[in-house]
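*Asks:* Just passing along the structure, written as structure tokens.
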Amino acid sequence: MKNNWFQKLKNSLSKSSSAISEGIVKIVSSKKLDDKTLQDLEDLLITADIGVDTSISIIENLRKEKFNKDVEINEVREFIASQIESKLINSYVPLRTEKETNPQIILVVGVNGSGKTTTIAKLGNLIKKRGLSVVFGAADTFRAAASEQLQMWARRLNIEIIAIPGSNDAASVAFETVKKAKETNKDFAIIDTAGRLQNRLELMDELAKIIRVIKKIDPNAPHSILLTLDGTAGQNAIQQAKVFKEIANVTGMIITKLDGSAKAGYIVSISQELNIPIHFIGVGESVEDLNDFNIKDFSRLIVGLDE
Ligand SMILES: Nc1nc2c(ncn2[C@@H]2O[C@H](COP(=O)(O)OP(=O)(O)OP(=O)(O)O)[C@@H](O)[C@H]2O)c(=O)[nH]1
Ligand SMILES: [Mg+2]
């Protein structure tokens, strides 16, 4: 039996999948996979943000197998789903949440509004549920209400937080957070950061400084640098991700706001182009709305196969 999560993912992907699924129905109605049909299918996948190279490759493989043969609509869906699955096969890597000797330090980066603070709340919730302890660090000292937003989540989740009211020194907030985690034997520290991509140099300097100071406490920190990417941004998010990959050593991605995204197909192109593992997907605004990225379910649902 498929669980609630499958249903949630199905609902989240419905906008993206109905475009692809209905597109396949229209295109394949002639039943023979001729040149025109294959070209239309390729365009459909590209329009769905699956990425040009990936779409060409998928349709090339379809051509090899089924050119000029009669096909059923579901056969085409199944074929594309299995192709997407094989492209994604290495892209899901779970985030390690085992107990270690030292606190695991996680830095969360991403452009404004991509879901950093909300994702931190979700991660905190998940870590606590796994019986581990965590402290938050409100090191987004740039946006006025950012610290309060994380403090609100911390209160709700009963998670300790380091915030320095009125401070604009992100690095010292990060430093205090790691220090606290170490002194109080926390399993994790999760540090929020400011997402001002429009000023690349400042962002770069700030991230570099945060990393430099936390290494004074633990030379191996940060153990993870997680990039949140807005799942509604489509191809734009790929550009953003590339910038962050360049300026910070991003170790994993979390794709947010997949609920309501009509561009979920871009997960395929992002994983092909960036080669950074996806740890989780976000499918809503509540703390429970964070899930593992199940590649098989995703690949099938995105083309409209729901069982
Ligand atoms: N529907 C939906 N909304 C989300 C999700 N994740 C975050 N949001 C919403 O997106 C908005 C921005 O999220 P934040 O967590 O504040 O993003 P941020 O990256 O911290 O933003 P800045 O602090 O301004 O840089 C908020 O209204 C969140 O509730 C998600 O998975 N689904
Ligand atoms: Mg924020």
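The values are calculated or read from the model by the stated rules, or taken from the named source; none is laboratory data. Everything numeric here is computed off the predicted structure, so don't read it as measured data. Methodologically, a virtual Cβ is constructed for each residue, glycine included, from the backbone with ideal geometry; neighbour enumeration extends over all protein chains shown. Each accessible area value is taken on the protein alone, full model and side chains, heavy atoms only, with ligands, DNA and RNA left out. Shrake-Rupley method; radii C 1.70, N 1.55, O 1.52, S 1.80 Å.
*Asks:* So V108 ticks every box in (1) surrounded by fewer than 18 Cβ atoms within 10 Å (Cβ to Cβ); (2) out of contact with any Phe, Trp or Tyr (no Cβ under 9 Å at 6 or more places or on another chain) but one. Which box is left unticked?
*Replies:* Single failed check for V108: (1).
To keep it simple, each residue is scored yes or no on (1) crowded, with 16+ Cβ neighbours inside 10 Å; (2) modelled with pLDDT of 95 or more; (3) near ligand 2 (Cβ under 10 Å from one of its atoms); (4) within 23 Å of I211 (Cα to Cα).
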position	(1), (2), (3), (4)
F142	yes, no, yes, yes
A146	yes, no, yes, yes
M152	no, yes, no, no
I162	yes, yes, no, yes
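*Asks:* With the condition kept exactly as written, say whether any residue in the range 122-134 is closer than 20 Å to E285 by Cα, away from ligand 2 (no atom under 15 Å from the Cβ), open to solvent by less than 10 Å² (accessible area, probe 1.4 Å) and modelled with pLDDT of 95 or more. Steps first, answer last, please.
*Replies:* Filtering the range 122-134 down to residues closer than 20 Å to E285 by Cα leaves 122-129.
Right, trim to away from ligand 2 (no atom under 15 Å from the Cβ) and you get 125-129.
If we keep only those that are open to solvent by less than 10 Å² (accessible area, probe 1.4 Å) as well, we get 127.
Those still in the list that are modelled with pLDDT of 95 or more too: 127.
Within the range 122-134, one or more residues are closer than 20 Å to E285 by Cα, away from ligand 2 (no atom under 15 Å from the Cβ), open to solvent by less than 10 Å² (accessible area, probe 1.4 Å) and modelled with pLDDT of 95 or more.
*Asks:* Can you name the condition, by its number, that S30 falls short on among (1) in a helix (DSSP H, G or I); (2) at pLDDT below 90; (3) of a type outside the set (D, E); (4) touching a helix residue (DSSP H, G or I) at 6+ places or on another chain (Cβ under 8 Å)?
*Replies:* (1)
*Asks:* Yes or no: A181 modelled with pLDDT of 95 or more, touching a helix residue (DSSP H, G or I) at 6+ places or on another chain (Cβ under 9 Å) and small (G, A, S)?
*Replies:* Numbers: modelled with pLDDT of 95 or more: yes; touching a helix residue (DSSP H, G or I) at 6+ places or on another chain (Cβ under 9 Å): yes; small (G, A, S): yes.
For A181, the condition - modelled with pLDDT of 95 or more, touching a helix residue (DSSP H, G or I) at 6+ places or on another chain (Cβ under 9 Å) and small (G, A, S) - is met.
*Asks:* What tally of residues in the range 1-25 results from selecting those that are of a type outside the set (S, T, Y) and modelled with pLDDT of 90 or more?
*Replies:* 11
*Asks:* Moving on to the next point. Looking at R96, R130, which one is assigned by TED's automatic domain parsing to the domain that holds H279 and within 23 Å of N291 (Cα to Cα)?
*Replies:* R130
*Asks:* Residues being open to solvent by less than 60 Å² (accessible area, probe 1.4 Å), touching a residue at least 24 places away in the same chain (Cβ under 8 Å) and of a type outside the set (A, V, I, L, M, F, W, C): count how many of those fall in the range 61-81.
*Replies:* 2
*Asks:* Here's another thing I want to ask about it. Does F280 satisfy the condition of being within 16 Å of ligand 1 (Cβ to nearest atom), outside any helix (DSSP H, G or I) and in contact (Cβ under 8 Å) with a residue 24 or more places away in the chain?
*Replies:* Numbers: within 16 Å of ligand 1 (Cβ to nearest atom): yes; outside any helix (DSSP H, G or I): yes; in contact (Cβ under 8 Å) with a residue 24 or more places away in the chain: yes.
It is true that F280 is within 16 Å of ligand 1 (Cβ to nearest atom), outside any helix (DSSP H, G or I) and in contact (Cβ under 8 Å) with a residue 24 or more places away in the chain.
*Asks:* In the range 1-55, which residues are among the aliphatic types (A, V, I, L, M) and open to solvent by 70 Å² or more (accessible area, probe 1.4 Å)?
*Replies:* M1, V52
*Asks:* Could you tell me whether K116 is more than 9 Å from ligand 2 (Cβ to nearest atom), modelled with pLDDT of 90 or more and open to solvent by 10 Å² or more (accessible area, probe 1.4 Å)?
*Replies:* No.
*Asks:* Then there is this: Looking only at the range 150-197, which residues are within 21 Å of the chain's Cα centre (by Cα) and not acidic (D, E)?
*Replies:* Those that are within 21 Å of the chain's Cα centre (by Cα) and not acidic (D, E): L150, W153, F188, A189, I190, I191, T193, A194, G195, R196, L197.
*Asks:* Scan the range 164-189 for residues that are of a type in the set (A, V, I, L, M, F, W, C) and closer than 12 Å to I214 by Cα and jot them down.
*Replies:* A170, A171, V173, A174, F175, V178, A181, A189
*Asks:* Which of the residues belonging to the range 283-305 are part of a loop (DSSP other than H, G, I, E, B) and either open to solvent by 10 Å² or more (accessible area, probe 1.4 Å) or over 14 Å from G231 (Cα atoms) (or both)?
*Replies:* Narrowing the range 283-305 to residues part of a loop (DSSP other than H, G, I, E, B): 283-289, 293-294, 303-305.
Of everything in the range 283-305, those that are part of a loop (DSSP other than H, G, I, E, B) and either open to solvent by 10 Å² or more (accessible area, probe 1.4 Å) or over 14 Å from G231 (Cα atoms) (or both) turn out to be G284, E285, S286, V287, E288, D289, N294, V303, G304, L305.
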